[in-house]
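Here's the structure, in structure tokens; my notes come after.
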Amino acid sequence: MLASEIIKRPLITEKSMQLVEKENKYTFAVDKRANKVQIKKAIEELFDVTVIKVNVINTTPKKKRVGRYEGYKNELTKAVVTLKAEDKIEIFSS
């Protein structure tokens with residue numbers, strides 16, 4: 001897989017921004033089939049940074065309903081990537 005196929009988008013939430021400020025950890029939505037080694041190589045290739053650690057979180061689809069219609073939210077795989085202290089990713093800066 002290509003690096004652009006592995007990393008789908010950055011996840012920018014209040015909690016993820018706190019992780020960026022305090023611990024230099026960045027959160028991305030990634031492809032379900034990607035493993036930690038592939039995610040690490042893709043981040044280093046796309047953003048030219050040094051990755052120390054990768055944590056992967058698989059979320060289950062949650063049941064939602066609108067009126068009488070039921071469905072599920074999308075399944076999502078998140079990667080929390082820890083970078084070296086001097087490295088930063090400019091997408092997350094405001």
Worksheet item: Just one of the numbered conditions (1) at pLDDT 95 or above; (2) out of contact with any helix residue (DSSP H, G or I) (no Cβ under 8 Å at 6 or more places or on another chain) is not true of LYS73; which one?
Response: (1)
Fill in: Answer residue from the range 46-85, given it is out of contact with any strand residue (DSSP E or B) (no Cβ under 7 Å at 6 or more places or on another chain) and under 17 Å from LEU19 (Cβ atoms) and is surrounded by the fewest Cβ atoms within 10 Å (Cβ to Cβ) among those
ALA85
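The values are calculated or read from the model by the stated rules, or taken from the named source; none is laboratory data. The shown structure was predicted, so the numbers you read here are calculated from the model rather than taken from an experiment. Please note: Cβ atoms are built from the backbone with ideal geometry, for glycine as well, and neighbour counts cover all protein chains shown.
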